[in-house]
């Protein structure tokens, strides 16, 4: 080993060629920092679980016929309100943007029972402490003819699914 | 050193890379991407295309809490097209779950509608398998230690090769259908219903308990057997009980494959409680013992008085009597030979024994089966016609024909069926016992049997000479000691103590002090020492036996002991004639109640 060190240190001085020592140093460095980097990335990725044990975010809510024209049906367990206007359909969240209470449907739109936030029928804030309007979720017509709501994907308020 | 470090770190990097790749390059992600790509081609509108383009692979799950514990079924993560009718002709896993009218799916406007929506039912409720798994091996339950592999579809590496192919097929899923569809007439669970009928027809209920159906105590309780065991184990235990557990005493029933399948499906459907049951229904079943279901399942044979014997024969042969008993060529290897039943028992005894085996044989392990009285009468009528063959004259041949099954090849009492008999057959090699009894008593035991034990009266088969011949064969081949003259014991001719309550009470006190160690406090022969003793201490509550012996013999056995057994000679331990008289009075007093015979009147 001592011989090795001496020889490699001797060759280190001439700049042109990468010495054995340097090469090994690089390899070690790449290996160590590379795996450390990968671990760090994985750790960050794993902070957010890929699945939780709650109800799925993407679910089917039934056939379009289940929602007659001009009705607003609140699905309490799912936390959404299905709005049907003519041939247009949308899903509005019923979770208050203030502290997460479930808002109730009211004549003027939605009303939160906890701190009195008010929303209009499109989910825009009209009063109370709520900071943001109620989000709209993506609604698609699944190939089996059922309406699928994906709570992971928010869409711009006012965009409807046309049946 | 440096080289090693460099290689080492590089190696670690590679391992990290592999782990990283595995974590982020799941097969299910590829499946989902395939689905998105193909669905985009099939998509008709731009919004549909845009929606598909926005979708990224992710873990799809259905959380179902209507069926027992909350189930998390992630099957649709790979089987993402399960509910997309456009993929019906694609290859698994991106394939539509087939629609089937037998599952209750129906067509509406030319489109199929599902009866069991996946969002409501999930997947594992019907299919079994490991719902949370994201990897084909684990989620399909191919893992050896997962108790519920995909029913009827997945066989495991460690399953017996000769059984494994029989365990495939979707019929096995009927076991899960029956968790909700408990109606016995339901067409979708025909195998469960058939299995339930077989459970009674092959007399499984005699030994096994299933809540709400039967209450046998000899075998394990099967109320939740479907939750505990896999298909292959159930199949194996029914097809060949000893192959899985060498000490199993379950008989081999020699059933046909389709019968075993029905039984396996039925057993697999026993999971403790059904999803469909309410508390009130369970309570009702508990109150009635499931009488409704049992009555609907057992179909009694209409007995025609003219054909009684023939129908009895059919019952005896069809209803698995020979799974335990021997009858001609058929031999279950557990219970006594019925081939000459008509000569060793009479119809009253047989009928009583059928109605309640313990009423004629207090320690019999035979279960009381649920035949109708008419069926029992027919079977009795058949059994009394069995006369066997004429007994051979030679002692050895007689022994091999009649005695060997219980007393064993070596005469040591360990015959093939001995372990199922109580009292255990006499060890004929014990010279102490054999030579201490006068020949007349031995001949009497052979020709008239020993009451309350499995030793039948052979008198109608063997005459005096034949009995003596077999005894001399036993003497020369097993006992191997010449008979000695028995010295008469000094015992009173009759009990010196008069029968009275006081005498019996004194006897009981003595009994608890002196005898309970072996004979047990209750006199049932199950005292703490009885475990180490063979022959076992006599069950003194066996009225048939106790009432068949006279006071003189009890005095002899107590005062001078029984040679060749653990019974000591109590006269050496200070018991007087009067003490023994009290004991005899006590033993007589606990055998007062006449037992048996209460059913026999029915067949007159």
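The values are calculated or read from the model by the stated rules, or taken from the named source; none is laboratory data. Just so you know, these numbers come straight off a predicted model, no measurement behind them. Here the Cβ is made from the backbone with ideal geometry for all residues, glycine too, and neighbour counts use every protein chain on show.
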- Say whether the condition of being over 58 Å from the mean Cα position of the chain (by Cα), loosely packed, with under 14 Cβ neighbours inside 10 Å and either within 9 Å of chain A (Cβ to nearest Cβ) or not in a helix (DSSP H, G or I) (or both) is met by at least one residue in the stretch B:35-48. yes
- Residue check: is residue B:309 in a helix (DSSP H, G or I), touching a helix residue (DSSP H, G or I) at 6+ places or on another chain (Cβ under 9 Å), surrounded by fewer than 18 Cβ atoms within 10 Å (Cβ to Cβ) and in contact (Cβ under 8 Å) with a residue 24 or more places away in the chain? yes
- strands (runs of 3 or more DSSP E) (entirely within the stretch A:119-163) containing at least 2 residues that are more than 14 Å from chain B (Cβ to nearest Cβ): A:125-127
- Item | Unmet requirement for residue B:434, which otherwise passes all of (1) within 25 Å of residue B:485 (Cα to Cα); (2) under 32 Å from the mean Cα position of the chain (by Cα); (3) buried (at least 21 other Cβ atoms within 10 Å of the Cβ) | (2)
- Item | Condition met for residue B:70 (surrounded by fewer than 15 Cβ atoms within 10 Å (Cβ to Cβ) and touching a strand residue (DSSP E or B) at 6+ places or on another chain (Cβ under 7 Å)) | yes
- Would you mention how many residues in the stretch B:4-13 are more than 7 Å from chain A (Cβ to nearest Cβ) and surrounded by 13 or more Cβ atoms within 10 Å (Cβ to Cβ)? 2
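Residues are listed down the side, and each one gets a yes or a no for (1) farther than 16 Å from residue B:535 by Cα; (2) in contact (Cβ under 8 Å) with a residue 24 or more places away in the chain; (3) not in a helix (DSSP H, G or I):
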position	(1), (2), (3)
B:403	yes, yes, no
B:423	no, yes, yes
B:427	no, yes, yes
B:452	no, yes, yes
B:458	yes, yes, yes
- Note on the structure: Filtering the stretch A:73-98 down to residues that are under 18 Å from residue A:163 (Cβ atoms), in a loop (DSSP other than H, G, I, E, B) and touching a strand residue (DSSP E or B) at 6+ places or on another chain (Cβ under 7 Å) yields A:87
- Task: Could you please let me know if residue B:333 is surrounded by fewer than 19 Cβ atoms within 10 Å (Cβ to Cβ) and touching a residue at least 40 places away in the same chain (Cβ under 8 Å)?
- Result: yes
- Task: Specify which of the listed residues (A:89, A:38) is within 17 Å of residue A:159 (Cα to Cα) and either surrounded by 13 or more Cβ atoms within 10 Å (Cβ to Cβ) or more than 13 Å from every other protein chain (Cβ to nearest Cβ) (or both).
- Result: A:89
- Message: more than 8 Å from chain A (Cβ to nearest Cβ), part of a helix (DSSP H, G or I) and closer than 30 Å to residue A:28 by Cβ: is that true of residue B:21 in this structure?
- Response: yes
- Please enumerate the residues belonging to the stretch B:473-508 that are part of a helix (DSSP H, G or I) and surrounded by 15 or more Cβ atoms within 10 Å (Cβ to Cβ). B:473, B:474, B:475, B:477, B:478, B:479, B:503, B:504, B:506, B:507, B:508
- Is there a residue being more than 17 Å from the chain's Cα centre (by Cα), touching a residue at least 24 places away in the same chain (Cβ under 8 Å) and within 12 Å of chain B (Cβ to nearest Cβ) anywhere in the stretch A:92-103? no
- Which numbered condition residue B:370 fails, given (1) assigned to a helix (DSSP H, G or I); (2) in contact (Cβ under 8 Å) with a residue 60 or more places away in the chain: (1)
- Message: If a residue must be more than 10 Å from chain A (Cβ to nearest Cβ) and touching a residue at least 60 places away in the same chain (Cβ under 8 Å), how many such residues does the stretch B:24-33 contain?
- Response: 3
- Selected residue (only one of A:35, A:73 is without any contact (Cβ under 8 Å) to a residue 24 or more places away in the chain and outside the structural domain of residue A:150 (by TED's automatic domain parsing)): A:35
- Message: Restricting to the stretch B:212-247, count the residues that are part of a strand (DSSP E or B) and more than 14 Å from the chain's Cα centre (by Cα).
- Response: 0
- Among what's in the stretch A:41-59 and is more than 9 Å from every other protein chain (Cβ to nearest Cβ) and under 25 Å from residue B:12 (Cβ atoms), pick the residue that is nearest to the chain's Cα centre (by Cα). A:47
- How many residues, within the stretch B:135-150, are within 18 Å of residue B:61 (Cα to Cα), in contact (Cβ under 8 Å) with a residue 24 or more places away in the chain and in a loop (DSSP other than H, G, I, E, B)? 1
- Listed by range, strands (runs of 3 or more DSSP E) wholly within the stretch B:58-134 having at least 2 residues that are within 11 Å of chain A (Cβ to nearest Cβ) and modelled with pLDDT under 90 are B:62-64, B:111-113
- Selection count, the stretch B:151-165, where residues are over 25 Å from the mean Cα position of the chain (by Cα), under 19 Å from residue B:257 (Cα atoms) and in contact (Cβ under 8 Å) with a residue 60 or more places away in the chain: 1
